[in-house]
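Take a look at the structure below.
The values are calculated or read from the model by the stated rules, or taken from the named source; none is laboratory data. Being a predicted model, the structure only gives us computed values, none of them experimental. Please note: Cβ atoms are built from the backbone with ideal geometry, for glycine as well, and neighbour counts cover all protein chains shown.
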């Protein structure tokens with residue numbers, strides 16, 4: 001029904017607005033040209049499978065409101081063709097619906113086809129079945145790979161054309177990308193890499209999309225493809241287009257960085273992003289894409305190795321789609337200021353004037369009536385410069401934008417936008433033992449395993465990406481009871497070990513240190529002993545280096561680089577009793593009492609019986625996270641349960657009222673995966689703390705489209721033992737506090753420049769609203785109003801929005817003035833002006849206004 005309603009709505013909408021006129025998209029050395037008009041374009045990456053169709057409209061609308069002209073997305077081959085010849089374009093994978101939603105809101109699209117996309121996505125977006133193709137070598141001049149890449153690219157382009165989605169057909173797609181960051185690995189492929197890039201460029205042109213193509217991080221991108229920059233500092237590091245006839249394009253301006261488990265999040269300030277964008281524009285840049293504008297959620301098992309489920313949560317739109325302030329607001333001001341300069345910027349005339357050792361003016365335009373300037377200060381200190389007979393105080397490491405070469409509309413270091421605080425509010429506690437049922441996995445018996453081998457097998461080749469889990473079980477005879485040492489070397493992510501069905505220990509690696517060893521004292525019994533090793537992957541590799549050194553050597557029955565590599569048992573009194581196996585070739589001396597070995601490639605060293613291997617957990621195989629699957633296992637009441645590793649936990653909850661995003665607080669759990677109504681909300685790993693002792697991620701997004709009003713099924717696969725499901729809560733997420741800190745030296749809001757475009761009568765109406773003074777502007781999220789002013793000071797308040805106190809200069813009327821302007825309102829604006837506060841109590845001092853308020 002939902003799909004039908006959407007299709008009907010889109011049909012009516014497209015009938016009203018028409019299919020759109022075909023657009024001619026070309027380029028020259030200054031910018032993209034759309035229907036003869038040069039364009040400066042701001043783009044934002046939003047990945048359709050990292051959100052839900054029900055979120056797309058709001059995300060796109062918020063991006064547009066933030067001054068975004070283009071929505072950028074990868075195309076994810078492995079979700080669209082998970083098995084060779086089997087295709088999926090439904091639900092979150094419905095790329096056509098996503099692009100049509102963008103079109104309906106009047107924005108353009110940059111479509112990055114790949115097929116290798118990186119993107120911290122499992123296997124770089126390549127389908128895992130691809131490595132089984134006979135003779136294939138990824139991303140080089142290799143006929144099997146080129147055959148499948150061409151087939152895939154043709155399929156995607158054909159789909160886009162069938163829906164009239166290219167600008168040349170009246171659609172929104174104005175730019176496409178082939179390959180991705182190949183320049184980082186091209187040297188390793190030598191001449192074959194150069195041939196491959198030429199072939200890929202030729203393929204792109206032959207697809208006849210009618211729009212330009214780019215290659216990012218590819219300085220030698222063949223004509224007519226445009227070479228583009230990726231990174232945080234393309235304003236400083238980009239060498240420029242490789243031809244004077246190509247524009248400067250920035251395909252990935254990283255708004256923060258992806259987070260891996262065990263690592264602290266890497267934040268990036270709004271001021272730094274704005275500085276680099278303005279510098280790129282000053283140096284003739286004309287297209288900037290923010291990666292990511294909304295990161296979203298790595299649902300299911302889609303994250304690459306060690307990457308957290310929450311993706312780019314520090315982007316201008318956070319994981320839930322809420323505004324991340326001041327990043328969203330500061331960049332909106334930047335976009336508006338640059339667009340005020342668009343005509344002179346695109347005139348083709350630029351002059352560079354030195355204003356000092358580290359200060360430069362970039363001046364654009366034909367004459368005084370069409371003039372714009374960007375004043376750059378690279379110094380770490382304030383600098384006063386003289387420009388066109390006027391003095392300007394430039395903040396440290398900042399750029400001032402002057403749309404008329406006279407007045408400052410925006411400074412990258414001076415934030416007018418508000419700050420906000422995101423809060424999670426518990427709505428339902430799952431704290432009663434009666435709410436939970438449990439089912440514990442057991443070590444598979446030999447009859448329950450499907451694979452036999454005389455050596456350990458590599459993890460990825462064996463599981464074929466059907467599960468994170470792989471059992472390797474072996475038996476041996478012990479003549480008498482003995483205290484021994486089990487040692488297992490692992491290349492990968494996580495290992496759980498069992499002796500005779502009893503859990504004996506776990507160990508894991510980290511993103512930057514994936515090799516590890518598990519060493520445990522064990523007591524062997526007289527007779528047959530069984531050791532079971534459960535190898536666990538936390539995402540497939542995506543690193544370009546790994547792709548060269550591992551993926552291209554894939555072959556059936558051969559190992560790559562993940563899983564158990566060596567296992568041994570040593571008795572202190574008897575020496576080595578068993579060297580179990582290893583799957584990697586070696587020629588080294590071991591410390592376990594074995595002398596040099598040179599002939600062990602892919603062979604068992606000493607083993608009494610075959611190794612038994614099983615892929616996946618029983619609960620996965622029966623889909624225990626669904627209602628039908630849950631009925632196939634025997635659940636127990638939690639109140640009678642002593643926590644064990646590899647346990648499934650099941651409960652139900654009602655959907656919180658309202659429209660705020662919903663999150664699952666798993667702070668009391670360890671590591672595993674969670675499902676709601678049969679849909680995976682992703683892996684979690686709360687027990688892997690950062691260097692500061694914090695979980696990398698505690699809350700996990702549950703999209704409201706996953707939910708029913710009542711009795712939602714929650715199922716959790718928990719690998720660890722020391723957990724407490726009674727601590728789990730269902731929370732809602734919203735911005736509950738807002739804060740503004742603006743000085744009298746700040747430029748007024750860029751919207752004030754709109755006064756110049758109003759008629760004389762209209763100016764009277766907007767005079768108060770657009771008064772050209774600096775202002776503190778506060779706005780609560782939808783449905784909330786300012787209920788309390790927590791702090792207000794006009795003068796010289798100390799600190800910032802999160803740590804403040806009264807300064808030496810403070811207007812006693814500050815609180816009353818702000819309360820009158822803001823209380824019980826969803827938004828308010830307070831000019832930073834002495835007259836607003838009844839006079840100047842400390843003249844000749846630059847004053848600021850700091851306001852911290854609560855929304856409810």
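Can you give me the number of residues within segment 411-440 that are out of contact with any helix residue (DSSP H, G or I) (no Cβ under 6 Å at 6 or more places or on another chain) and over 30 Å from residue 773 (Cα atoms)?
Adding up the residues that qualify gives 14.
Which ones in segment 771-784 are in a loop (DSSP other than H, G, I, E, B) and either crowded, with 18+ Cβ neighbours inside 10 Å or at pLDDT 90 or above (or both)?
Of everything in segment 771-784, those that are in a loop (DSSP other than H, G, I, E, B) and either crowded, with 18+ Cβ neighbours inside 10 Å or at pLDDT 90 or above (or both) turn out to be 773, 774, 780, 781, 784.
Within segment 456-468, does at least one residue satisfy the condition of being farther than 26 Å from residue 306 by Cα and in contact with a strand residue (DSSP E or B) (Cβ under 7 Å, 6 or more places away or on another chain)? It would help to see each step written out before you state the result.
Here is the first cut: in segment 456-468, the residues farther than 26 Å from residue 306 by Cα are none.
No; the residues of segment 456-468 include none that is farther than 26 Å from residue 306 by Cα and in contact with a strand residue (DSSP E or B) (Cβ under 7 Å, 6 or more places away or on another chain).
Give the residues of segment 201-241 that are at positive phi and touching a residue at least 60 places away in the same chain (Cβ under 8 Å), sorted by residue number.
210
Yes/no matrix, rows are residues, columns are (1) under 29 Å from residue 286 (Cβ atoms); (2) modelled with pLDDT of 95 or more; (3) surrounded by fewer than 16 Cβ atoms within 10 Å (Cβ to Cβ); (4) in the same structural domain as residue 285 (by TED's automatic domain parsing):
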residue	(1), (2), (3), (4)
19	yes, no, yes, yes
27	yes, yes, no, yes
42	yes, yes, no, yes
71	yes, yes, no, yes
84	no, yes, yes, yes
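Output the residue which, of all residues in segment 487-524 that are assigned to a loop (DSSP other than H, G, I, E, B) and surrounded by 13 or more Cβ atoms within 10 Å (Cβ to Cβ), is modelled with the lowest pLDDT.
Of the residues in segment 487-524, the ones assigned to a loop (DSSP other than H, G, I, E, B) are 492-493, 500-501, 509, 511-512, 514.
Pick out the ones that are also surrounded by 13 or more Cβ atoms within 10 Å (Cβ to Cβ) and you get 492-493, 500, 509, 511, 514.
On the way: 492: 81, 493: 95, 500: 94, 509: 95, 511: 93, 514: 89.
By that ranking, first place goes to 492.
Select from segment 362-384 the residues that are touching a helix residue (DSSP H, G or I) at 6+ places or on another chain (Cβ under 9 Å), over 23 Å from residue 272 (Cβ atoms) and surrounded by fewer than 23 Cβ atoms within 10 Å (Cβ to Cβ) and list them in ascending order.
Selection gives 363, 365, 366, 370, 371.
Taking the condition of being closer than 16 Å to residue 192 by Cβ and part of a loop (DSSP other than H, G, I, E, B), how many residues in segment 115-144 meet it?
Matching residues across segment 115-144 total 9.
Just checking, how many residues over segment 663-698 are closer than 24 Å to residue 623 by Cα and in contact (Cβ under 8 Å) with a residue 24 or more places away in the chain?
Summing the residues that are closer than 24 Å to residue 623 by Cα and in contact (Cβ under 8 Å) with a residue 24 or more places away in the chain in segment 663-698 gives 21.
Those residues that are in a loop (DSSP other than H, G, I, E, B) and surrounded by 14 or more Cβ atoms within 10 Å (Cβ to Cβ), I need them from segment 786-824; list them, please.
Correct list: 796, 797, 801, 806, 807, 809, 811, 813, 823.
Quick check on residue 112: is it outside any loop (DSSP other than H, G, I, E, B), free of Cβ contacts under 8 Å to residues at least 12 places away in the same chain, in the same structural domain as residue 89 (by TED's automatic domain parsing) and closer than 30 Å to residue 460 by Cα?
Considered against the rule, which asks whether it is outside any loop (DSSP other than H, G, I, E, B), free of Cβ contacts under 8 Å to residues at least 12 places away in the same chain, in the same structural domain as residue 89 (by TED's automatic domain parsing) and closer than 30 Å to residue 460 by Cα, residue 112 comes out as no.
Tally the residues that are farther than 25 Å from residue 656 by Cα and either assigned by TED's automatic domain parsing to the domain that holds residue 58 or surrounded by 14 or more Cβ atoms within 10 Å (Cβ to Cβ) (or both), restricting the search to segment 712-722.
Residues flagged as farther than 25 Å from residue 656 by Cα and either assigned by TED's automatic domain parsing to the domain that holds residue 58 or surrounded by 14 or more Cβ atoms within 10 Å (Cβ to Cβ) (or both) within segment 712-722 amount to 3.
Is it the case, given these coordinates, that residue 284 is outside the structural domain of residue 542 (by TED's automatic domain parsing), crowded, with 16+ Cβ neighbours inside 10 Å and more than 27 Å from the chain's Cα centre (by Cα)?
yes
Kindly evaluate residue 714 against the criterion of being over 26 Å from residue 324 (Cβ atoms) and at pLDDT 95 or above.
yes
Examine segment 471-486 for a residue that is assigned to a strand (DSSP E or B) and either assigned by TED's automatic domain parsing to the domain that holds residue 623 or within 35 Å of the chain's Cα centre (by Cα) (or both), and state whether such a residue exists.
Scanning segment 471-486 turns up at least one residue that is assigned to a strand (DSSP E or B) and either assigned by TED's automatic domain parsing to the domain that holds residue 623 or within 35 Å of the chain's Cα centre (by Cα) (or both).
Does residue 302 satisfy the condition of being over 9 Å from the mean Cα position of the chain (by Cα), in contact (Cβ under 8 Å) with a residue 60 or more places away in the chain, crowded, with 24+ Cβ neighbours inside 10 Å and farther than 14 Å from residue 422 by Cα?
So residue 302 passes the test.
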